[in-house]
Amino acid sequence: MQKKAFFSGIVIFLATVFVIACKKDSDSNNNNAGKTKTELITSSTWKFDNAKLGVVDVSGFFDDCEKDNTVTFVSNGTGSIDEGATKCDPADPQTVPFDWTFQNNETSIHTTTPLFPGTGDFTISTLSETQLAVARDTVIAGITQSFVITMKH
């Protein structure tokens with residue numbers, strides 16, 4: 001009987017430690033507590049960080065004149081893309097306005113002007129105070145892969 005009580009006590013103790021540890025992990029991973037997705041995406045201007053096609057980093061395929069562009073989302077559903085210090089085409093305007101909306105319970109975003117070549121619809125992979133990663137499926141040589149652009153503040 002004492003062995004059973006001792007064993008039960010150990011199980012309860014370990015379960016309590018496990019629950020507390022998991023709670024701390026989820027709290028530390030939730031740095032966005034209290035902020036809406038609109039507040040997160042509009043808090044500051046976003047700058048290119050990297051690009052991946054599947055698991056392959058394809059950032060090197062972007063020109064420097066593309067990598068220095070910035071994207072600003074405004075809470076009223078407007079925004080702008082700024083060409084940065086270097087333009088790929090000197091005839092391009094310095095800034096291009098766009099409208100944006102969250103879609104699918106704020107899991108994707110639509111922009112009237114594509115932020116990158118292709119459509120203006122992306123799935124949000126990550127949205128935090130310091131990182132925005134958007135993805136869309138693309139077909140290359142008959143194989144569908146995820147194309148992910150990550151931006152940072």
Listing Phe62, Phe98 from the residue with the fewest other Cβ atoms within 10 Å to the one with the most, what is the order? Phe62, Phe98
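Provide Glu129, Glu66 in ascending order of the number of other Cβ atoms located within 10 Å of each residue's Cβ, fewest first. List each step's numbers first, then the result.
Working: Glu129 13, Glu66 17.
Ordered by Cβ neighbours within 10 Å, fewest first: Glu129, Glu66.
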Chain lengthening between Thr138 and Thr126 when straightened (0.36 nm per residue, less Cα-Cα): 2.5 nm
Quick one: which residues, 5+ away or cross-chain, put their amide H under 5 Å from the amide H of Ser125? H built at 1.01 Å from N. Ala133, Val134, Ala135
Point-to-point label distance, Thr86-Thr72, nm (Cα→Cβ direction, 7 Å offset): 2.3 nm
Report, in whole Å, the centroid distance computed from the Cα atoms of region 60-112 and region 132-153. 16 Å
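Laboratory data are not the source of any read-out in this text; all were calculated from the coordinates shown. Here the structure is a predicted model, which means the values were calculated and not measured. Using ideal geometry, Cβ is built from the backbone for each residue, glycine included, and neighbour counts are taken over all protein chains shown.
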